[in-house]
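So the structure is just underneath, and the comments pick up after that.
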Amino acid sequence: MTDEKTMQQDIPLKLIHMNEIQATDTRWLWYPYIPYGKITIIQGDPGEGKTTLVLHLAASLTRGEMIGTEDKQEPVTVIYQTAEDGLADTIKPRLIAANADCSKVLVIDETEQCVSMTDGRLEAAIQQTDAKLVILDPIQAYLGAAVDMHRANEVRPIMSHLAGIAEKYGCAIVLIGHMNKSSGQKASYRGLGSIDFAAAARSVLIVARDRENPKVRVMIHAKSSLSPEGKPVAFELDKDNGFRYLGEYDGDANELLSGSGGKKKGKLAEQLLLHELREGAKSQKEILAKADECGISKRTIDAAKKALGVQSEKTPDGWFWSLPEDKDARLQECKDTENLQPCNVEQGV
């Protein structure tokens, strides 16, 4: 302890005047989920699709595209390190299936020595290739053999070093992690190891399965230090059709992780439809506007529409929705329909 104090006393004082700092804007690889020059963590239970999502994101970037949009951009070089899947029999076939430009996906050879977050080869590879996305899967495999991932004093300097590399080269670094088995905790506290992992990351994303529809997986923004949290987005994993991006999804990270999925919003969407259509047909445009006011996505409204058997009819004035012939029975299912006001949906009236 005495030696540490002596060393600290030998360091000359240097003050930074904030008026000398040049303010800069955050650059984004995928707004608002993955920033350039920062660390992002994507975590979830095993088998929920987080690696598949990341691989499809990487594949789209190598083609100069972005998941969920038709926007074009400069193709991105990706460094992908994995300790869980074989390159030849798993990763390469997945990249091919995702239509990646494999010439832009690079791997540091770990035949002689495993890569770690403090390994000089990692920084050298970023510098040499000008990679703009680095993926380490999973987190614990790249800490180094002597590091205890549950000790903050061991995790913190490593994450600080990695964050420095990301900032230095303007590179997005994505760490893929598993969730612990604790229940009753907030989603952001369910990552394996020290909370310092999430503390060092500027963005934390959680991938979970919709228990009502096992093919659907949802990515939720659990932490965002650089922007408002992004809306949850869904994707489908099907053994016959593979990966399919679905777009916005209604749900809460803690609800999904507890297995309740989007049931709450789905029920509220049904109540809103029953309320809006109880007196007769109404225009689709008006209903969707009401749903948007209440924070209910079109995808959830469409699911509720199907569940209730709501009918659609095209008229010269556009599409109109109406309840089915058994509407009286449907209305009886929602006891508070008469008192339900559209924007009280959020309160679960």
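Starting from the alpha-carbon convex hull of the stretch 71-164, give the projected area averaged over all orientations, in nm².
Working: hull surface 29.7 nm².
The Cα convex hull of the stretch 71-164, projected and averaged over all directions, gives 7.4 nm².
Near the amide H of residue 222, within less than 5 Å, lie the amide hydrogens of 204, 205, 206, all on another chain or at least 5 residues away, with H placed in the peptide plane.
Which pairs in the list 285/306; 104/132; 265/290; 282/306; 50/267; 104/223 are over 20 Å apart, alpha-carbon to alpha-carbon? Could the numbers behind the result be given before it?
Details: 285/306 17 Å; 104/132 11 Å; 265/290 14 Å; 282/306 16 Å; 50/267 27 Å; 104/223 29 Å.
As for pairs spanning more than 20 Å Cα to Cα, those are 50/267; 104/223.
In the stretch 26-257, Cα pairs under 8 Å separated by at least six residues give a relative contact order of 26 percent.
Extension gain residue 118-residue 312, at 0.36 nm per residue separation less the Cα-Cα distance, in nm?
Values: separation 194, 0.36 × 194 = 69.84 nm, distance 5.90 nm.
My answer for the length gained is 63.9 nm.
Could you give the Stokes-Einstein D for the stretch 32-102 in µm² per second, using the C-alpha Kirkwood radius, 4 °C, 1.567 mPa s? Let's see the in-between values first.
Numbers: Rh = 13.2 Å.
Answer, rounded: 98 µm²/s.
Rg ratio for the stretch 26-257: its Cα radius of gyration over 2.2 N^0.38 Å, N being its residue count, equals 0.95.
Sparse packing (at most 12 other Cβ atoms within 10 Å of the Cβ) combined with a DSSP loop state is found for the following trypsin sites (Lys or Arg not before Pro) in the stretch 55-121: 72. Taking amide H as placed 1.01 Å from N in the peptide plane, residue 179 has its amide H under 5 Å from the amide H of 44, 45, each at least 5 places away in sequence or on another chain. Each residue of the stretch 214-224 was assigned a 3J(HN,Hα) from its phi angle through the Karplus curve 6.51 cos²θ - 1.76 cosθ + 1.60 (θ = phi - 60°); the sequence is x, 6, 9, 10, 10, 9, 10, 7, 8, 8, 8 Hz, with glycine and proline shown as x. For the stretch 68-101, the residues whose amide N sits under 19 Å from a probe point set 7 Å from the Cα of residue 25 along the beta carbon direction are 71-74.
Bear in mind these aren't lab numbers, they're just calculated from the coordinates by the rules spelled out. Remember, predicted model here, so these are calculated numbers, not experimental data. Cβ coordinates were reconstructed from backbone atoms using ideal geometry, including for glycine residues, and neighbour counts include every protein chain displayed.
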